[in-house]
1. If you check Asn98, Asn36, which single one turns out to be part of a loop (DSSP other than H, G, I, E, B), open to solvent by 30 Å² or more (accessible area, probe 1.4 Å), of a type outside the set (Lys, Arg) and more than 19 Å from His203 (Cα to Cα)?
2. Can you find even one residue in segment 220-233 that is in contact with a helix residue (DSSP H, G or I) (Cβ under 8 Å, 6 or more places away or on another chain), of a type in the set (A, V, I, L, M, F, W, C) and surrounded by 14 or more Cβ atoms within 10 Å (Cβ to Cβ)?
3. Identify the residue in segment 87-146 that is more than 21 Å from Asp70 (Cα to Cα) and acidic (Asp, Glu) and, among all such residues, is modelled with the highest pLDDT.
4. Would you check if there is a residue in segment 64-85 being among the acidic types (Asp, Glu) and either buried (at least 22 other Cβ atoms within 10 Å of the Cβ) or touching a Ser or Thr at 6+ places or on another chain (Cβ under 6 Å) (or both)?
5. Let me spell it out: the conditions are (1) at pLDDT 95 or above; (2) surrounded by fewer than 21 Cβ atoms within 10 Å (Cβ to Cβ), and Phe150 meets all of them except one. Which number is the exception?
6. May I ask you to say which residue of Lys5, Lys54 is assigned to a helix (DSSP H, G or I) and at pLDDT 95 or above?
7. (1) at pLDDT below 95; (2) surrounded by fewer than 18 Cβ atoms within 10 Å (Cβ to Cβ); (3) more than 19 Å from the chain's Cα centre (by Cα): which one isn't true of Arg185, the others all being true?
Amino acid sequence: MDQTKQDEEYGYDLFPERNTGKHKKSLIRDSLFIFNHKCQVMLTFAMETSPYAKLLLAAMKNSGCKVLKDRHFSCEDCDGTVSGGFDAASSQIVLCQNNIHQQSHMNRVVTHELIHAFDHCRAHVDWFNNFKHLACSEIRAANLSGDCSFSNEVARFNFGLKEHHQECVRGRAVRSILAVRKISREEAQKIVDEVFDSCFNDHAPFGRIPHGNKDAKFAYREYANRDRYYANL
């Protein structure tokens with residue numbers, strides 16, 4: 001496949017530093033090393049303090065996929081429409097240093113992409129050819145990362161009562177697919193609908209939908225103590 005066409009179809013055009021040989025660093029961008037340093041500091045803080053990230057990192061290590069900060073994360077400049085991505089070809093999480101400016105945002109992006117990495121670790125996900133696999137992971141990431149938490153939805157001025165969380169997850173999954181695959185909105189919505197129920201109800205490794213840090217802390221504590229629990233059965 002033509003490289004340009006492949007980059008566009010798989011979303012790599014959103015991450016110019018992934019396009020080896022195409023992206024030339026400007027003198028201005030080279031001078032903005034502070035973006036990368038800030039990204040690295042926020043990433044370290046997220047990995048060490050976020051209960052969402054800590055649980056996912058522990059679960060991946062337990063599954064034989066230990067995550068190394070310097071190997072599996074990369075702070076890069078991206079297209080202005082995205083905050084992060086999971087590059088399945090390199091098993092690497094991309095963090096958009098030019099678009100992430102707050103710690104809370106970094107925590108959500110790290111969690112969202114770690115859910116993709118966890119799915120990549122535990123299942124044979126065909127990211128590039130099976131849209132249902134991609135949709136399932138996007139549903140899980142939107143559902144479990146806090147993307148659709150009440151506080152985040154209020155900040156976006158999105159309000160609703162009946163099944164608002166489900167609709168938020170559905171909508172964000174559709175938008176994520178459209179960002180990285182050249183398909184119509186109708187097709188993306190159809191794919192999401194086909195897998196929604198089973199993927200929405202897959203809460204691994206949290207065991208529940210963590211609607212905030214408090215829920216995530218309980219889930220992490222339960223996960224950390226699971227061996228002690230099962231030993232007493």
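The values are calculated or read from the model by the stated rules, or taken from the named source; none is laboratory data. If you're wondering where the values come from, they're calculated on a predicted model, not measured in any experiment. Cβ: placed from backbone, ideal geometry, glycine included. Neighbour counts: every protein chain shown. Heavy atoms of the whole protein, side chains included, go into the accessibility calculation; ligands, DNA and RNA do not. Shrake-Rupley method; radii C 1.70, N 1.55, O 1.52, S 1.80 Å.
1. On the way: Asn36 fails: part of a loop (DSSP other than H, G, I, E, B).
Checking each option against the conditions leaves just Asn98.
2. no
3. The qualifying residue modelled with the highest pLDDT is Glu138.
4. Looking through segment 64-85, none of the residues is among the acidic types (Asp, Glu) and either buried (at least 22 other Cβ atoms within 10 Å of the Cβ) or touching a Ser or Thr at 6+ places or on another chain (Cβ under 6 Å) (or both).
5. With (1) at pLDDT 95 or above; (2) surrounded by fewer than 21 Cβ atoms within 10 Å (Cβ to Cβ) applied to Phe150, the lone miss is (1).
6. Values: Lys5 fails: at pLDDT 95 or above.
Just one listed residue meets the conditions, Lys54.
7. Of everything listed in (1) at pLDDT below 95; (2) surrounded by fewer than 18 Cβ atoms within 10 Å (Cβ to Cβ); (3) more than 19 Å from the chain's Cα centre (by Cα), Arg185 misses just condition (1).
Per-residue answers, yes or no, for (1) touching a residue at least 12 places away in the same chain (Cβ under 8 Å); (2) farther than 25 Å from Gly11 by Cβ; (3) assigned to a helix (DSSP H, G or I):
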residue	(1), (2), (3)
His165	yes, yes, yes
Arg172	yes, no, yes
Ser176	yes, no, yes
Ala179	yes, no, yes
Lys190	no, no, yes
His203	yes, yes, no
Phe206	yes, yes, no
Ile209	yes, yes, no
